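Peer 1: Quick one: the structure is below, questions incoming.
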Amino acid sequence: MCCWLLQLSTEHVQTIEDQGRIRNVSLKDVMPKRIHQIWTTTTNQAIPARWDASRKSWEIKNGNYVLTLWTDAMLNEFFAKEYHWFLGTYKSYYYDVQRADAARLFLLYHFGGVYSDMDIVCRRPIDELLAEVKPGKTIIIPATKPFGLATDVILVIKRHPFLWSAILSLKSTNRWYGIPYLTEMLSTGPLFLTEHYRQYSGKESVFILPEQLYTRTYFGHVRGESWHKWDGRLIWWLWTRSWKQWAIGAMIFFASLALFCVFLMLMTKCFIRYKNSKVCHTALLLAEKCRIRRARTSKTHEY
């Protein structure tokens, strides 16, 4: 516990110093020439072949950068050595994508450079993008649709205060949010980073890469979403429907609801009639039995 507090306090002091250091520096001059990619899986699944071209595009376009593919074993060793206080939380994550999301923040804070998901294609050299960024902007995070920030590509200098403040929030967000998709998004993923950016006071050092430059000029996507489960696919399917489809769907829904209500009313009336007829039939049987019993009793008295 003492070592953990000492490391946190040391990082906090260094982060405060870094806030002054990054105000006027140029990202292209100080960002380490490193590219990080992560493949974490508890099932020993091989990297999909459909990502071969996107992975190689980073090496082809950025020959002066060193690319590192981080595996489970490498990340466990990294956390055990450098951030032992977080190792328990890292291993406690239920989903592989949560570990990958958390690990990218630590790797970028510790080493700096570029992080990229393996389904991201690099279309132009990174240095061209860095040359367009004004001094003082020391971290690049893309904007994404329908809103918020993406985490599949991040460019940043070493020891950026934004990343350290995000790292300190990871423990408090490590909980269940009702369904897998929201748990992954809110605990470590894009919605987590978006909310943290909203509360961050040093926004002047963050460059939000416009969606147009993100998806069409510098980067591209191949088929990914390997972590999406049924709930994620359903949410995105609903979100990508047009307003006409939503209108037709709403009409069908309310028409179906009305028909169901009518059906329920008819079934209720039939059930009530059936119960009433059954009660009447039972009453008639009882009356008949009483009549027969009285008739037998009267004959007995006559004898």
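The values are calculated or read from the model by the stated rules, or taken from the named source; none is laboratory data. Just so it is clear, the structure is predicted and the values come from calculations on it, not from any experiment. Because the Cβ atoms are built from the backbone with ideal geometry, glycine has one as well, and the counts that use them run over all protein chains shown. When the accessible area is computed, the model is the full protein with side chains, heavy atoms only, and any ligands, DNA or RNA have been set aside. Shrake-Rupley method; radii C 1.70, N 1.55, O 1.52, S 1.80 Å.
Peer 1: Over 24 Å between Cα atoms, which of K81/K158; K56/K137; K33/K91; K81/K134 qualify?
Peer 2: K56/K137; K33/K91; K81/K134
Peer 1: Starting from the Cα of A73, step 7 Å along the direction of its Cβ; do the same at L285; then give the gap between the two resulting points in nm.
Peer 2: 7.8 nm
Peer 1: Now for a separate question. Given H placed 1.01 Å from N in the peptide plane, which residues other than close sequence neighbours of S26 have an amide H under 5 Å from its amide H?
Peer 2: Hits under the 5 Å cutoff: G136.
Peer 1: In addition: Just subtract the alpha-carbon distance of T217 and R198 from 0.36 nm times their residue separation and send over the number in nm, one decimal.
Peer 2: 4.2 nm
Peer 1: Using only C-alpha positions, report the orientation-averaged shadow area of the convex hull of the stretch 85-213, nm², one decimal.
Peer 2: Directional mean of the projected Cα hull area for the stretch 85-213 stands at 8.1 nm².
Peer 1: Going by average Cβ density within 10 Å per residue, which order do the peptides 114-125, 253-264 take, highest to lowest?
Peer 2: Going from most to least packed, we get 114-125, 253-264.
Peer 1: Let me ask something else about it. Ranked highest first by the average count of other Cβ atoms within 10 Å around their residues, in what order do 137-147, 187-197, 69-79 fall?
Peer 2: Those peptides, ordered most packed to least, come out 187-197, 137-147, 69-79.
Peer 1: Could you order S165, S205 so the one with the most accessible surface comes first? Probe is 1.4 Å.
Peer 2: So, going from the largest accessible area down, we get S165, S205.
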